Each structure stands twice: as C-alpha cells, then as structure tokens.
Amino acid sequence: VKGVNVDRKEEIYVIPDTREGWVDSLKLLLESYFHGTAPVYFDYTKIRPVGEPIKGFGGVSSGHEPLEEIHGEIRKVLEQNSKEPITVTTIVDIMNLIGKCVVAGNVRRTAEIVFGDPYDEEYLDLKNYKVNPHRDQYGWTSNNSIFAELGMDYTDVCKRIVDNGEPGFAWLKNMRKFSRMQNGGDNKDHRVAGGNPCLEQSLESYELCCLVETFPSNHEDLEDYKRTLKYAYLYAKTVTLGKTHWPDTNRVMLRNRRIGCSVSGVAQFITKNGMEELRKWLEKGYRTIQEWDKQYSDWFAVPKSIKTTSVKPSGTVSLLVGATPGMHYPESRFYIRRMRLSKHSELVGPLKKAGYKLEPAFGSEDSTMVVEVPVDVGEGIRTAAELSIWEQFSLAAFLQRHWADNQVSCTATFNPETEADELPHVLNYFQYRLKGISLLPRHPLGAYKQMPYETITEKEYNKQVKKLGYLSFVGVEGEEAEIDRFCNNDNCEITPTVGDNDDQEYGN
C-alpha cells in the first residue's frame, strides 16, 4: 500500500445510482492508495434516498449511508497499512467490510470464504477478537479456512477451533485429485484453486458455482426421485449455457460446465428409511445424472460437466420445503432461527405487528435488523447434540463417497468440554476421506453474537409462540425484480426439432 500522493490535486467522483457505480467508487478508492494517485472523494447526491424502490433488482434503497461508511472504514484500514507491504489482515478487512456493506445495502445476507496458510499466526488470529478487537463488528462476514496439508499436526489449530469455531479445513490436494472418493484419483480438477463460501463446490480461479437442490425425503419412491433429478440436472446444465460479462470467467465456465445437484433432508431420510436405502438412492441417483449429462451434453454440443453433484449446507430453501438443511441434523428440537434484513425492508412492519422479536444487527445497527423465529422440528429426528463428532464426520465421508463429486458442505458441532481433545484425532483419521470440513463448538450462549441457530427449551419455545399473532404481508408492495425468462408459463422457448422422446420432453 503506497499511500495517497497528497501533492496531487484531489479527484471528486460523482457516484451514479447503479450497482456498477458503487463498485467503481470502491475501485477508485483502492487505486488511489495502491497506485499512489491523487486522493479521491465522493459525491453521493445522485444515489436514490432511503426507501425508494430498486427497479430490476427488487427491494428498496438503503440510501447512500452504507456506501459512505465503507469508504470511511476502508480509508482507515489502508492508512494504517500505508507505506508498508500489504498485510493479510488488511486484505481480509477490506473483503469483510465489503461484505458488511452488501448486507447493509438491502441484500439479505453475504457469504465470503478466505483461505490461508495453516502456519500463519496473523491469519489464524483474524477471529481472535482479543488480538483484533477492531474486527468483531465485521469479521463474521467470512468463513476463514486453511489449506490443510495431509499429514499435518492439527493440535494447534484445534485449540483455536474450541474457542471460536475457526479455522475451517480445505484439503486442496484432495479437491484436485478426486471426484467421488470411491472412484479413486482422476485429477480432473487439477486446476482447482479454492471453493465457494460454504465449500460445496471446488472452483478454479474466476469460476462461479451453479447449484440446484433436491429433497429425496419428500419423494415416495426412487423412480419419482430420479425424475426430479432429471429436471434438477437440466436446470443447472441450462444455466451453464449462458455467459457472464467477464471473458476470464466465461473461458472457465464454458470449459468445465460445473454444476452441483445437491441433496437436503438427509437426516429425515435416514430417520425414515435407514442408511442402506440412502446409499442405494445416492448411487442410482448419481448414475442417473451421469446418463443425462452424456445425452444432453451431446444434444447441446457442449462438454460434459467436469463435476455434477454436491451437498449444500442449505438454509432458506430447505426451510421452505420443511426439510432439514443439507446433511445436518437439527441443533435441537426447539431452537431460534435468526435472519437478517434491511431495517428499511417492508417486512419489518408486519413482523413487528405479529410479535416477532427484532433487534439491530451487531456491527450494522444503523442499517440491518435481525428477526428471531422460534422453530419446532417435531418428534423422531435425533439432534446434533446426540451425534458424536465421529458420527458427523462419518456421515460427511459417506456422502463424499457415494454422492458428491464436488464436495460436501459440513459444519460438525461438538461439545467443547467433552470432545475438544478428540478433534485432532478425528481430523487426522478423516483427512483422507474428505475435501473440506468446518467445526463449531456448542456453547450455551453461542460461539458469537446473534448466531443463526440457538437452542431453546420447550418451555421457552411455547412462551415465545404464545406472543406471536397472525403474520400477514397484505399491503406489502415491494417491486419485484425483473427476470430474464428462459421459460414462459409451462413451455420453454426452445423446441428441439430432432432427438428421441426424452429430447422432446425437454422442450416441455
């Protein structure tokens, strides 16, 4: 970071009222420090005021304040690092501040992942807020993981995990060498450089993830599920036919055609049908996807997908269909689910009226709210607290073997009082069967403030539910985003003229 050349005339940039304008303003600010150019200052007057609708993107404007705040915070970060080689802390601070701004800018959430050296003390301390107290208001925006080395000593990093649940682990060698772990090394992904924020897809530099979610527990039989897999596959594969605005991304995406057909509700399926039935569905489902990929890649005249299956962590989508998220068991039968939304969102009023608890988001008090929803997952399904750390790792390895040729996103929870000493051993044992994993200690008050899930008692659940009234969104007039439609009603715009019956079916 060179620092700004104060002898040069300052530049004033009038920020246009577009997403590109926000991005360009940040680019100019960074360049003023890294290139040592004239100081840049910003005119925010053209940005629409708070509450105005956002055409095309959906929602309402948060005003210019989140952008002005991020400019000021990044200036502080860069000034502290001025005239010195850029540090790991500065790099991650900038990333995290951008993530915080994205959430504040009326987007419900942000997701970032940072990969670092397993032996870099500065990196490993990024979420140690005793060492870095300035980061506690935005450090939550990224999952910090290490590129773990096979055979390394996991003892020291596990001590940090017991404290705050980080770092996570990504075994880059396994990510590059293997598809499904049972198939042996094929080195198809030898260019992989990392993964998406929840690590269910390995990715090359410039590559984007393409994911679709399925719920085997919601199907009556395997044939019904295989039919769903066909349409899930077709949806994802069709997305790969598009292009982005970036040539570097297009080059990778069009070559790899990477997709990730995911399974959720795994805990429900196991509870209902058992592990052996799950193995059969996964194996036959995987073969089904490969058959469709061979047929339709030929029909589209594009390469077969380098990888086709993943296990997402899930979240909102699984909640909508009444499924447990990804491979995870619920933390408790009764728990609080927390979600973020802009304080200017039209949903705030109806939620308050219905009696849901809302409070300012820690670190973004001026722009973001957190709503708490009490949840009862019902009887019969084991909770995460009933699964040992070994059983959770085993299930992740099972899915990495029988389903995911990309990766399994797994956050294994553990009791820090009884299982902390087990962590190095479980990592040492499973490092040859996984591509990535995260761990999270189960603390009574949570590992950090406003955690997405918090266990509560049945008594507390009933107490909170009694406070809730009818939730109605009548009168909420937020403008819907304009979408480029590939399919109109029940009929796709593409109608094949040649091919077998399955090809004709794709046109419906």
* Which distance in nm do the two modelled labels at GLU10 and VAL23 give, with both placed 7 Å along the Cα-to-Cβ direction? -> 2.8 nm
* To do: Quote to one decimal, in nm, the extra length available between VAL465 and TYR429 on full extension: 0.36 nm per residue of separation minus the C-alpha distance between them.
  => 8.6 nm
* Find how many whole Å separate the alpha carbon centroid of the stretch 17-32 from the alpha carbon centroid of the stretch 250-296. => 40 Å
* Structure fact -> Loop-resident GluC sites (Glu not before Pro) in the stretch 378-423 with no more than 14 other Cβ atoms inside 10 Å, DSSP not H/G/I/E/B, are GLU379, GLU417
* **Added length on full extension, which subtracts the Cα-Cα distance from 0.36 nm per residue, ARG382 to ILE91** => 100.7 nm
* Asked: Which whole-number value in Å³ per residue fits the convex hull of the alpha carbons of the stretch 375-433?
  -> 109 Å³
* Please work out how much accessible surface LYS357 shows to a 1.4 Å probe, ignoring ligands, DNA and RNA, in Å² rounded to 10. => 110 Å²
* the stretch 364-389 and the stretch 299-350: distance between their alpha carbon centers, rounded to Å -> 13 Å
* Average projected area [Cα convex hull, the chain], square nanometres -> 25.5 nm²
* Once both labels are modelled 7 Å past Cα along the beta-carbon direction, what's the TYR206-LYS83 spacing in nm? -> 3.8 nm
* Stretch gain in nm, segment THR37-TYR231, where the contour uses 0.36 nm per residue and the Cα spacing is subtracted -> 64.6 nm
* Low-density loop cleavage sites - trypsin sites (Lys or Arg not before Pro) in the stretch 84-159, where at most 15 other Cβ are within 10 Å (DSSP) -> ARG108, ARG109, LYS130
* Structure fact -> With a Förster distance of 30 angstrom and the Cβ-Cβ distance between HIS134 and LYS357, calculated FRET efficiency to the nearest 0.05 equals 0.55
* Could you list, in their original order, any pairs among LYS343/LYS459; LYS237/LYS294; LYS226/LYS284; LYS27/LYS127; LYS284/LYS435 whose Cα atoms are separated by more than 20 Å? => LYS343/LYS459; LYS27/LYS127; LYS284/LYS435
* Which residue, chosen from TRP171, GLY285, PRO197, occupies the Cα position most advanced towards the positive end of the dipole of the chain, where the dipole is computed from +1 (Lys, Arg) and -1 (Asp, Glu) charges on Cβ about the Cα centre? -> GLY285
* To do: Counting helices only, and only those DSSP H runs with n ≥ 4, report the 222 nm mean residue ellipticity of the chain as the sum of -39,500 (n - 2.57) divided by its residues, in deg cm²/dmol to the nearest 500.
  => -10500 deg cm²/dmol
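The values are calculated or read from the model by the stated rules, or taken from the named source; none is laboratory data. Predicted model, so just to flag it, every value in this text is computed and none were measured. Cβ sites come from the backbone with ideal geometry, for glycine too, and all protein chains shown count toward neighbours. To get the accessible areas, we keep the full protein, side chains included, count just its heavy atoms, and leave off ligands, DNA and RNA. Shrake-Rupley method; radii C 1.70, N 1.55, O 1.52, S 1.80 Å.
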